[in-house]
1. Place the peptides 369-375, 262-268 in order of packing, highest mean first, counting for every residue the other Cβ atoms within 10 Å and averaging per peptide.
2. Run the numbers for residue 132 and residue 256: contour at 0.36 nm per residue of separation, minus the present Cα-Cα distance, in nm.
3. Output needed: percent of Cα pairs per 5 Å distance bin for the range 1-131, bins running from 0 to the one holding the longest distance.
4. Using 0.36 nm times the number of residues separating residue 30 and residue 326, minus their current alpha carbon distance, what extension gain do you get?
5. For helix 44-66, report the angle its Cα long axis makes with the longest principal axis of the Cα atoms of the chain; keep it between 0 and 90° and round to the nearest 10°.
6. So for the chain, averaging the separation of alpha carbon pairs under 8 Å that are six or more residues apart and normalising by length, what relative contact order in percent results?
7. Hey, rough spin-label estimate for residue 468 and residue 82, points 7 angstrom out along Cα→Cβ, what's it come to in nanometres?
8. What is the gain in length, in nm to one decimal, between residue 420 and residue 207 on full extension, counting 0.36 nm per residue of separation less the C-alpha to C-alpha distance?
């Protein structure tokens, strides 16, 4: 089992507080301008982590395009048919050097990054500060920073700072306001951060940045209707992309002179006070943001070791632990009489929904804990037959594991029929979102009762073994882009942002991508 490693305490003088009784939209605008225009040094650990999250996002995006996933293909085609606005440098879509409408390029690229649901994740949990709203979020927004860098001729170091700015705003909002409580999709936090950061990068005034934020909050709130129903659609995966698109549109309109609503976090009819009324007219939260050192939310964000809904990471680690303790298990799946899983809320509702026992789309399969475990069992069996150890290296779930043929495999159904998934109760719930508490008990005809024990910090989690996680994330990148690009290592080097001149950042994503026939 993995061992948690607590992060070192962060110095107090590297944060700024926006109190709830102030105009926090204006405060965010000032914060963005200062973060870019009066920068404090950023810790080496933060920058290295940010480079890895960006590289991971690029690997996911390249793979989705190479496999011609539907939503990224549609949005990319739309972008490439839309010329840049007058006076704009335009945006660049992954894999194509032709400039196009910047907001369309952002939508296409963010859609590709998010399509596999395999990039970074946050849970909005900051126990040290008592900010535990626990809203989800993902590292979907780096294309916004790259697009802004092209428009504003930013070098690689400034582009990294802009990426961190977006992650910090959305990460800290996730700690203090749970959008899902009000049926609002978590991508809204990213849209707020993206609008503010994009407008600031292009030289926006405090008033213009505040207008961009106000427009996003007042006009473009995405609801979790995209996640309703027994089978998920393109809208679920493309939610961040469409939110990024309107964030950039709002920023560009604000920079052109459009005036949006002010003081939107205290506006009684905007989503914050509307859903959490305040008798004294304040916003529902204080907002504390990092300004330097390593005082950033990115240190509590998680990686995925393959393609799966992150809530299932504890169960996957538990299965890997079972294989490590009993290698014979992988060779005899027929002997499994029952696989019993205990897990926490909200994972139980999200990935153990009874409808998820029979997924018919890839978007539903990668949110189905029964499917994810069944496919992992089959990969373990195949690994043993080929003389490999059934560990993370062999069991990493990749796009082909969610093909139509894989989802329809009758052997998958047979394994799912032997699974029981239960809510673990208060003890499990209390350990989330600090951890991802999950346990497995497997009843095997020949091997007897096998127990994983409680897993809370699986590899990929922010409190797991950092070196082991980094090695697997690097391997994941190589596997995702294999066949899509000529040289994965050259692409890795190209994506390294630190020290790069503005001219290279402007065409960062204009490398060729090949279609992968499956």
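1. 369-375, 262-268
2. Gain on extension, residue 132 to residue 256, equals 40.9 nm.
3. 2, 8, 12, 13, 15, 15, 14, 11, 7, 2, 0, 0
4. Working: separation 296, 0.36 × 296 = 106.56 nm, distance 5.65 nm.
That works out to 100.9 nm of additional length.
5. The angle comes out near 70 degrees.
6. Details: 1066 pairs, mean separation 117.4, N = 518.
Worked out over the chain, it gives 23 percent.
7. Taking the simple label geometry, residue 468 and residue 82 are separated by 4.4 nm.
8. On the way: separation 213, 0.36 × 213 = 76.68 nm, distance 5.48 nm.
Length gained, residue 420 through residue 207: 71.2 nm.
Values in this text are rule-based calculations from the coordinates and carry no lab data. From a predicted model like this one, the values you see are computed outputs, not experimental measurements. As a convention, Cβ positions derive from the backbone with ideal geometry for all residues, glycine included, and neighbour counts pool all protein chains shown.
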